[in-house]
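What follows is one structure encoded as structure tokens, with my remarks underneath.
Bear in mind these aren't lab numbers, they're just calculated from the coordinates by the rules spelled out. If you're wondering where the values come from, they're calculated on a predicted model, not measured in any experiment. Quick reminder, even Gly has a Cβ in these numbers, built from the backbone with ideal geometry, and neighbours come from all protein chains shown.
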Amino acid sequence: MPKEASAKPKRKAAEKSAEKTSGGRAKKDPNAPKRALSAYMFFSQDWRERIKNENPDAGFGEVGKLLGAKWKELDEADKKPYVEQASRDKTRAETEKAAYEAGESKKRASSADEDASE
């Protein structure tokens, strides 16, 4: 006996997306400074090509797993250059963020002054 042709219920994800308003998150400022990278990220940038050459058939996830395993194998002396790079990048990010926030506060203050004068 054939099944009755009934209306198929919508997926929960489809219902949720229909419920959402178009508000969403605020747009990210394209002039905002980039965040600092971790020591592992510097390591992975350095080693990704080597891992890909050693394992040409490995996919994106597999390369990530191999990089993670390699990172765990390294001792502190081998990690040191990447840790130093990360600390330099952290100071760079902090100074850029401070300069950016100082510039943003000046912009807000000047726009508040303009609004008050109108």
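Taking 21 Å as the limit for the C-alpha separation, the pairs Lys52/Lys72; Lys70/Lys97; Lys28/Lys107; Lys34/Lys90; Lys28/Lys79; Lys65/Lys90 exceed it in the case of Lys70/Lys97; Lys28/Lys79; Lys65/Lys90.
Over all other residues within a Cβ to Cβ distance under 10 Å of Ala58, the charged ones net out to -1, with Lys and Arg as +1 and Asp and Glu as -1.
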